[in-house]
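What follows is one structure encoded as structure tokens, with my remarks underneath.
The values are calculated or read from the model by the stated rules, or taken from the named source; none is laboratory data. What you see is a predicted model, and the numbers here were worked out from it, not measured in a lab. We place every Cβ from the backbone using ideal geometry, glycine too, and count neighbours over all the protein chains shown.
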């Protein structure tokens, strides 16, 4: 239910929202969306989120260093979601095993003033839906933006300076191959990899379902980060010494 029944969703705001959902240069689109929301004097009920927000990122090597070594990953105006399933499946889910990227899902309680626009709440407003229907023909790229995505991503647009290890909710991991899983299970159960073929085939059926990419639950993720913390601190000190030596 809308909390601001007299608010008018004008065409510039509708265009900025659709452009954001359409994709492209995130810095340019983010600045335009923020400005449009300010110009329209967007009501507070569309500029807050009492719920936790999630964001999936595929971090390259440099990004992993910033997170683990520096405990600080720069952010900006970016897309977050209130739906964990959306975060887990974004861009195909866990990045490819040999692609050079580490999948990370962050979760945060949005700080005061960080919400540019809560699109989930906006899309639930009948006045917004009516405005979209009225101005659809005038919104450039509508069918690639608002017309394509709607509220399918339960999106909240946030302006966040940085995220760090404390904000990590899950890491994307690839399991061993089905054959390796069967070998490990056989050793655990029988003390040897050499087991009857019938039992191996039965184990293989289960292993094929378990093998492949998956997102770790929160507690296993925290344990992995805890194990990495000491090496990261060591590397951070090494980097500082290297930088000092260059001066």
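Things to note:
- Residue in the stretch 57-66 that is touching a helix residue (DSSP H, G or I) at 6+ places or on another chain (Cβ under 9 Å), touching a residue at least 40 places away in the same chain (Cβ under 8 Å) and part of a loop (DSSP other than H, G, I, E, B) present: no
- Among (1) crowded, with 18+ Cβ neighbours inside 10 Å; (2) more than 21 Å from the chain's Cα centre (by Cα); (3) part of a helix (DSSP H, G or I), the one test that residue 35 misses: (1)
- Test: residue in the stretch 155-167 that is closer than 30 Å to residue 223 by Cβ and at pLDDT below 80: no
- For the stretch 38-50, residues that are loosely packed, with under 13 Cβ neighbours inside 10 Å and in a loop (DSSP other than H, G, I, E, B) total 2.
- Residue count for the stretch 16-28, restricted to those that are under 18 Å from the mean Cα position of the chain (by Cα) and farther than 12 Å from residue 116 by Cα: 7
- Here the stretch 94-115 is the region considered, the condition is being in a loop (DSSP other than H, G, I, E, B) and in contact with a strand residue (DSSP E or B) (Cβ under 6 Å, 6 or more places away or on another chain), and the residue that is surrounded by the fewest Cβ atoms within 10 Å (Cβ to Cβ) is 97.
- Breaking point among (1) part of a helix (DSSP H, G or I); (2) surrounded by fewer than 14 Cβ atoms within 10 Å (Cβ to Cβ); (3) more than 20 Å from the chain's Cα centre (by Cα), for residue 8: (1)
- Of the residues making up the stretch 136-162, those that are surrounded by fewer than 17 Cβ atoms within 10 Å (Cβ to Cβ), assigned to a helix (DSSP H, G or I) and touching a residue at least 60 places away in the same chain (Cβ under 8 Å) are 138, 144, 147, 148.
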